[in-house]
1. Say we look at segment 139-167 and pick out the residues that are among the small types (Gly, Ala, Ser) and not in a helix (DSSP H, G or I); which of these is farthest from Met92 (Cα to Cα)?
2. Quick one: would you say Val100 is modelled with pLDDT under 95, of a type in the set (Val, Ile, Thr) and surrounded by 19 or more Cβ atoms within 10 Å (Cβ to Cβ)?
3. For residues that are out of contact with any strand residue (DSSP E or B) (no Cβ under 9 Å at 6 or more places or on another chain) and either not aliphatic (A, V, I, L, M) or not in a helix (DSSP H, G or I) (or both), tally how many sit in segment 104-138.
4. May I ask you to list the residues in segment 121-150 that are β-branched (Val, Ile, Thr), modelled with pLDDT of 95 or more and under 18 Å from the mean Cα position of the chain (by Cα)?
5. Are there any pairs with C-beta distances below 7 angstrom linking a residue in segment 111-122 that is more than 17 Å from Val36 (Cβ to Cβ) to a residue that is basic (Lys, Arg) and assigned to a helix (DSSP H, G or I), with the two at least 6 apart or on different chains, and if so which?
6. Pull up segment 168-194, narrow it to residues that are at pLDDT below 95 and of a type in the set (A, V, I, L, M), then point me to the one that is nearest to Leu95 (Cα to Cα).
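The values are calculated or read from the model by the stated rules, or taken from the named source; none is laboratory data. Since the model is a prediction, treat every value here as computed from it, not as a measurement. FYI the Cβ positions are ideal-geometry reconstructions off the backbone, even for glycines, and counts take in every protein chain you see.
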Amino acid sequence: MPAADPAAAEAGVVEAPESRTAAAGKGGPSKVAITVTAIAVVLTLDILTKLWVIRTFDLYETTPVLGDFFRFTYTHNRGAAFGIDIGEHSRMFFLVLSLVALGVLGAIYRATPAWDRLRVLALSLVAGGAIGNILDRIRFERGVVDFLDFGIGSSRFPVFNIADTAVTIGATLLLISFWLEGRRERAEEEARGDDSTG
C-alpha cells in the first residue's frame, strides 16, 4: 500500500496537462479557428481603414474627430510601429525585421498547446498586425499608412494604425500568458513538493 501513493502522485503529475487539454478542447474554438479569425479580422479592418484614409484625405491632412484630442492625420511611416524611424533605409530594414519576427512568432505558435487559447489569440493578433504593415511596406515606397492621431496640443502620441493596435494588444496578452504560465508552473512545483513531503 505505501508504494501506491507515490505512483498515484506521479500519475497525477503526468495526467494533469492531458486532462487540461482535453477539458479545454470541449465546447470552444480550435487553435486554427482562433488564428484564422483573429488574423482575418485584423487584416480586414487594417486594409479597409487604410484604403478609406487614402481615398478620403490628402497626405498630411488632419481632420478633428473629438476636437484636438483625437484626429485623423494621414501620413506614411517607413519605420516601425508608432513612427519609429532610423533613416532612409527604414522601410527595407523593418520589412526584413518584420519577416524575421513572423518566423519567431510561427515557432512560438507551433509550440503553443491548443488549450492555451490566450496565447494563441495573442500570437494571432501580433501576426495579423505584422502582416498588415508588411503589406504596406511592400506596396508603398513611402511605407506604412498611419492615421490615428491622439494627444493634447503639441503633446501627441505618434500616429498609428489598426495593425499597430493589434500588435500592441497581442503583445500585452502574450506577456500576460507567459506570466500565467509561470504562476501555473510554480503552483505545480509547490503541489509536487507537498506530495513528496506528505
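1. Among those residues, the one meeting the criterion is Gly153.
2. Values: modelled with pLDDT under 95: yes; of a type in the set (Val, Ile, Thr): yes; surrounded by 19 or more Cβ atoms within 10 Å (Cβ to Cβ): no.
So Val100 does not fit the description; no.
3. The number of residues fulfilling the criteria is 13.
4. Answer for segment 121-150, where residues must be β-branched (Val, Ile, Thr), modelled with pLDDT of 95 or more and under 18 Å from the mean Cα position of the chain (by Cα): Val126, Ile131.
5. Trp115/Arg20
6. Only one residue tops the list, namely Leu180.
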